[in-house]
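Worksheet for the structure shown next.
The values are calculated or read from the model by the stated rules, or taken from the named source; none is laboratory data. Remember, predicted model here, so these are calculated numbers, not experimental data. Here the Cβ positions follow ideal geometry from the backbone for every residue, glycine too, while neighbour counts run over all protein chains shown.
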Amino acid sequence: MRLENKVALVTGAGSGFGAGIAGRFAAEGARVVLADRDGEAGRAVAEQIGGQATHIRADVTDAADTKTMIEAAIDSFGRLDILVNNAGFSHRNQPLTEVSEEDFDRTYAVNVKAIFLAAREAVPVFRRQGGGVILNTSSTAALRPRPGLVWYNGSKGAVNTITKAMALELAPDNIRVNAICPVIAATGMLETFMGKPDTPENRAAFVASVPLGRMSTPEDIAAAALYLVSDEAEFLTGVCLPVDGGRTA
């Protein structure tokens with residue numbers, strides 16, 4: 001049990017990577033709080049995981065909701081050891097001048113501002129406890145930007161820079177901060193990223209750009225997340241790890 005006696009909070013845990021991470025953490029002994037804007041989705045995943053999991057409806061772009069979700073972890077399990085900022089959003093793949101202001105604002109609010117809000121609440125908790133781990137979900141878009149996703153690319157580039165800067169500032173407090181950069185997966189955002197219908201032909205065209213010959217899966221991302229938050233990675237901080245089948249090599 002690599003996370004025995006640990007308490008983890010995972011945002012965007014109602015589906016996709018977040019659900020995979022929450023389930024893997026619980027299987028490794030962690031008690032997990034699943035936060036999602038879709039309360040029913042979070043509840044369903046928590047029930048699937050079982051007694052080591054609870055859920056809370058939270059919008060990560062809202063300061064009050066963020067405070068409440070951090071407090072929920074402490075109220076439920078007495079402490080917080082791991083924060084996974086996984087919730088994400090993207091405008092549709094389209095020319096940069098055609099992205100609406102609303103989608104631009106939402107992209108940066110979910111992908112960037114949410115990390116700021118969560119840090120304000122979680123870092124004081126970690127400091128009182130003598131340490132903790134923050135893991136941010138970034139993207140290969142931060143490492144190998146693609147046309148059509150300009151503003152999303154930029155938001156994930158910010159995540160990588162923020163991750164490294166947080167790691168440096170929080171190291172004296174024994175707080176590690178890392179990021180995962182997944183390649184595209186067959187999750188609910190697939191068509192958003194591709195900008196075209198999810199057909200076998202369109203999938204095949206993207207998969208052809210991945211040296212290992214497939215998209216990522218929630219299990220791939222959860223395995224990397226587990227390592228980075230575990231004590232096995234206690235000397236790793238400021239790492240932005242591609243989990244991408246070689247796409248950004």
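Below, the figures for the structure above:
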item	result
Residues of the range 147-179 classified as charged (D, E, K, R), surrounded by fewer than 20 Cβ atoms within 10 Å (Cβ to Cβ) and in contact (Cβ under 8 Å) with a residue 24 or more places away in the chain, total	2
Test: residue in the range 213-228 that is part of a loop (DSSP other than H, G, I, E, B), under 19 Å from the mean Cα position of the chain (by Cα) and on the phi < 0 side of the Ramachandran plot	yes
Pairs with Cβ under 8 Å, 6+ apart, first in the range 206-219 and within 26 Å of Val10 (Cβ to Cβ) and of a type in the set (Lys, Arg), second surrounded by 14 or more Cβ atoms within 10 Å (Cβ to Cβ) and modelled with pLDDT of 95 or more	Arg214/Gly245
Strands (runs of 3 or more DSSP E) completely within the range 1-89 that count 2 or more residues being within 22 Å of Asn178 (Cα to Cα) and at pLDDT 95 or above	7-11, 31-36, 82-85
Unique match (being touching a residue at least 12 places away in the same chain (Cβ under 8 Å), under 30 Å from Ala249 (Cα atoms) and either outside any helix (DSSP H, G or I) or among the polar types (S, T, N, Q) (or both)) among Ile134, Ile115	Ile134
Residue among Val112, Val84, Val60 that is under 24 Å from Thr163 (Cβ atoms), surrounded by fewer than 22 Cβ atoms within 10 Å (Cβ to Cβ) and within 14 Å of the chain's Cα centre (by Cα)	Val112
Selection from the range 87-104 of residues that are closer than 18 Å to Ala141 by Cα and either more than 14 Å from the chain's Cα centre (by Cα) or touching a residue at least 40 places away in the same chain (Cβ under 8 Å) (or both)	Ala87, Gly88, Ser90, His91, Arg92, Asn93, Gln94, Pro95, Leu96, Val99, Asp103, Phe104
